[in-house]
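The values are calculated or read from the model by the stated rules, or taken from the named source; none is laboratory data. Since we're looking at a predicted model, the values are computed, not measured.
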Amino acid sequence: MFKDAWNQQANNTAALVQASKQKVVALEKQIEYLVDRIVEATVPSAISRYEQRIAQLEKEKLLMQESIYSTPQQGRFEELFEHAMNFLSNPYKLWAFGEFSHKRTVLKLAFSDRLTYNRKTGLRTPKIALPFKVFEGFHDNNLRMVGHR
């Protein structure tokens, strides 16, 4: 299930990058067309309007190129999944031996909301994130061994 979701996200990201590349090509064609129109134009007001439009298209093109290059590169599923499972299996280890930034990450991943504090009663009960709620379901205090015949 995780691998299917991973592959679907990778496909969505690839499609988004491809669409952005096509948009950049279309913008470049529009810019070339407007530059040709400037060469042919004789009215100064039309030339200034063409220049404004070209500047606007150049900004759009830069934004699209930035979105293409800022798309995160995904690693191998198995490698990243293993790291995630190591964290989920023992977040205390990262909390106890990690840097401050690691502790902050543990808090963000372990709790779905900010920790609240009351001056009279102390820390309030936190809202636990979904992965830990799932693991909580495996722990049941009412389990007993099967009796003898």
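Side notes on the structure shown:
- Residue in the range 29-36 that is assigned to a helix (DSSP H, G or I), more than 24 Å from residue 129 (Cα to Cα) and among the polar types (S, T, N, Q) present: yes
- Checking each residue in the range 74-123 for being over 18 Å from the mean Cα position of the chain (by Cα) and among the aromatic types (Phe, Trp, Tyr) picks out 87, 92, 95, 97, 100, 111, 117.
- Residue among 88, 16 that alone is at negative phi, in the same structural domain as residue 132 (by TED's automatic domain parsing), of a type in the set (A, V, I, L, M) and at pLDDT below 90: 88
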